[in-house]
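The values are calculated or read from the model by the stated rules, or taken from the named source; none is laboratory data. In this text, all values refer to a predicted model and were calculated from it rather than measured experimentally. Heads up, the Cβs are rebuilt from the backbone with ideal geometry, glycines too, and the neighbour counts pull from every protein chain shown. With ligands, DNA and RNA removed, areas are computed over all heavy atoms of the protein, side chains included. Shrake-Rupley method; radii C 1.70, N 1.55, O 1.52, S 1.80 Å.
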Amino acid sequence: MKNIFKYLKGYRSIFLMAVLSIVIATVMQLATPILIKYAIDSIIGDEPAGNLQFLMDAFGKNLMSVVWMVIGIGLIRGVFLFLKGYLSNYAAEHIAENIKNNLYRQIQYMSYESHTKKETGDMIQRCTSDVETIRKFLGVQIVDLGRIIFMILLSVVIMMRLNLKLTIYAIALIPVLFAFSYIFFTKVQKRFKKSDEAESVLTTVLQENLSGVRVVRAFGREKYEIDKFEKVNTEYCKVTYRLIEVLAVFWSSSDLLTLIQSGIVLVVGSTMVISGEISIGTMVAFITYESMLLWPVKQSGRMLSELGKTTVSITRVEEILNEAVEEDQPHEVEAQVLGHIQFENVSFSYPDGKVALQNISFDLPMGQTLGILGSTGSGKSTLVHLLQRLYEYEGSIKIDGIELKTIKKQWIRQKIGLILQEPYLYAKTLKENIGIIRNDFKDQDIYMAAQTASIHENILTFREGYETVIGEKGVSLSGGQKQRIAISRTIIDPDKRILIFDDSLSAVDTETDMRIRRALNERNKEITTMIISHRISTLSEADIIIVLDDGKIIQKGTHRQLVEDEGLYRRIWDLQKMVS
Ligand SMILES: Nc1ncnc2c1ncn2[C@@H]1O[C@H](COP(=O)(O)OP(=O)(O)OP(=O)(O)O)[C@@H](O)[C@H]1O
């Protein structure tokens with residue numbers, strides 16, 4: 001509950017006005033049975049008007065005056081109900097907007113390690129349906145809480161003033177109903193959590209299937225995917241059904257209890273009317289108040305269950321909001337980056353204990369190229385991740401003599417252009433994709449970058465040229481074309497002092513690969529480059545080449561030196577020569 005109130009910050013006065021509106025609307029609702037009692041007992045009958053004598057003095061025994069008053073009260077109630085709905089929903093919408101913005105901001109700055117542990121579907125679920133649950137609770141339920149408390153208190157006070165004995169009978173089962181609601185609340189919370197979790201698994205399966213549609217088709221995995229989806233869907237259905245079962249038991253049992261409670265008032269009230277203890281008007285007013293009282297008591301159960309659901313959603317949202325973010329430390333600086341990279345005895349293990357790099361040392365002067373060769377899982381990508389400060393390392397990495405740990409993360413990443421083997425492209429035009437990092441690139445900049453990446457001529461062959469919209473993740477482009485668009489969008493940025501090709505030339509043919517590397521070299525000789533590749537021809541012109549095996553450097557040198565050594569490099573070279 002404390003957490004929920006935290007979210008009201010900034011909108012408390014609006015919520016207060018909404019609560020005030022609902023209180024006025026409730027007072028209007030509670031006034032109606034008194035008027036009806038007055039009409040039955042004092043206008044139709046001859047009982048004294050009591051507190052309502054002023055109405056008798058003003059309008060006499062006029063039934064129509066009561067009708068107009070009831071209509072007037074109804075109208076005022078309607079206006080305040082509208083105000084309540086408008087105000088609370090206005091505040092709830094804005095609160096939900098703020099939560100979503102905060103979540104999105106948090107996701108942007110969350111550490112890379114946290115990202116790798118999360119499932120996309122679950123994250124989407126937390127940012128959408130969980131926020132929606134919170135919004136609904138704030139927009140509808142929270143103000144109703146004020147209404148429920150006020151309605152119960154006021155109707156009991158009025159009933160007590162009408163007749164104390166009948167009031168005791170009228171509230172006899174209320175504690176049972178409350179207790180029942182409380183037990184239900186504790187039971188339902190776990191089931192809501194299970195249902196929420198099952199829904200997020202379902203979203204993840206769907207999201208993975210849609211993202212991996214190519215793989216599914218290529219491996220003929222449709223049947224497997226359908227079975228997988230059906231399994232999680234059945235599980236979701238099962239846990240939701242269990243939730244519905246509890247809900248159904250609650251609603252029908254609480255209906256039974258309220259029916260018994262109304263029956264008690266009816267039987268005891270009628271006996272009291274017959275014995276002349278109360279008037280018919282009092283009896284009618286009691287029945288009306290009883291129904292007004294039972295509704296909020298029953299609602300309190302629903303309120304509690306919604307509160308349970310909202311608490312789960314808030315916990316899920318807060319789990320993301322409380323994740324560690326990458327923050328600049330006071331000792332970190334925006335150092336000048338020219339591109340001289342030095343690794344000295346760098347070692348790194350992943351949080352799960354997997355040793356990925358051991359004692360890596362090399363010196364790469366500004367403007368030179370480092371080639372990295374190594375088998376799958378030998379630590380090539382990890383090395384690049386360390387340079388981008390995605391993880392903390394042991395040993396020393398220096399950029400232009402400054403320890404990498406003392407350079408701001410955002411800053412160093414701006415200076416490093418990383419091109420991945422399977423780049424993510426946006427469902428936008430080719431031009432927008434190439435110029436995605438800034439809005440102020442001129443057409444000429446975009447064409448030049450595309451020319452360097454050897455994709456310009458290709459783009460011109462498309463019917464819409466640079467305006468061609470590519471499908472989600474660039475489905476309509478070939479692997480090599482996607483890689484070259486990714487190269488263009490990285491090299492267009494004049495701020496990049498270091499370029500890293502993480503196997504990102506793998507899908508282009510050897511000739512184009514060479515053309516791209518030559519064009520890059522001509523474009524800017526001062527850029528330091530790191531090329532990860534399994535193809536020796538891609539690495540052969542590098543100034544230094546390192547060969548990684550199981551996280552260690554096993555060979556280092558130029559192409560010329562390495563082909564003369566008996567070693568892994570030479571063996572791969574011989575193999576690739578034979579194949580080509
Ligand atoms: N997030 C992670 N958590 C734990 N272990 C990881 C993680 N990422 C990679 N690894 C492990 O670290 C080792 C090095 O991985 P890395 O991705 O650097 O290899 P690689 O040489 O780039 O391989 P490839 O050529 O297949 O891309 C591998 O054994 C891999 O399983």
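Summary of values
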quantity: Sulfur and carbon atoms: percent of accessible area, the range 341-579 [1.4 Å]; calculated: 47
quantity: Accessible area of the range 2-321 divided out per residue, in Å², using a probe of 1.4 angstrom; calculated: 53
quantity: Accessible surface of the range 2-321 [probe 1.4 Å, protein heavy atoms]: carbon and sulfur percent; calculated: 66
quantity: Simple label model, 7 Å out from Cα along Cβ direction - residue 460 to residue 291, nm; calculated: 8.1
quantity: Relative packing of 99-110, 552-563, which averages over residues the other C-beta atoms within 10 Å, highest first; calculated: 552-563, 99-110
quantity: Helix 222-274 vs. the chain, principal-axis angle (Cα, 0 to 90°, nearest 10); calculated: 10
quantity: Value of Rg to Rh for the range 499-578 (Rh from inverse mean 1/r over Cα pairs, i.e. Kirkwood); calculated: 0.96
quantity: Peptide ranges 127-137, 459-469 listed from the most packed, as the mean C-beta count within 10 angstrom indicates; calculated: 127-137, 459-469
quantity: Tilt relative to the chain, helix 443-452 - C-alpha long axis, 0 to 90 degrees, to 10; calculated: 50
quantity: Farthest positive-ward along the range 2-321 dipole, Cα basis, beta-carbon charges - from 75, 321, 307; calculated: 321
quantity: Size of charge dipole - the range 341-579 - debye, nearest 20, with Cβ of Lys, Arg +1 and Asp, Glu -1, no other charges; calculated: 320
quantity: Tensor-based shape of the range 174-286 (alpha-carbon gyration tensor, a/c under 1.5 rounded, otherwise prolate or oblate); calculated: prolate
quantity: Sequence-distant residues sharing a close amide H with residue 531 (under 5 Å, placed H); calculated: 370, 371, 372, 501
quantity: Net charge over other residues, Cβ less than 14 angstrom from the Cβ of residue 23 (K, R count +1; D, E count -1); calculated: +2
quantity: Radius of gyration, Dmax [the chain; alpha carbons; angstrom]; calculated: 36.1, 121
quantity: Volume per residue that the Cα convex hull of the range 341-579 spans, once the total is divided by residue count, Å³; calculated: 131
quantity: Accessible area expressed per residue, the range 341-579, with surrounding protein chains retained (probe 1.4 Å, Å²); calculated: 47
quantity: Farthest toward positive dipole pole in the chain [+1 Lys/Arg, -1 Asp/Glu at C-beta], among 201, 258, 342; calculated: 258
quantity: Nearest-ten-degree value, helix 479-491 long axis tilted from longest Cα axis of the chain; calculated: 90
quantity: Nitroxide proxy distance, nm - points 7 Å out along Cα→Cβ at residue 206 and residue 242; calculated: 2.2
quantity: Most positive-pole-ward Cα, 382, 500, 112, against dipole of the chain from beta carbon charges; calculated: 112
quantity: By average C-beta atoms within 10 angstrom, highest first, the peptides 484-493, 35-44; calculated: 484-493, 35-44
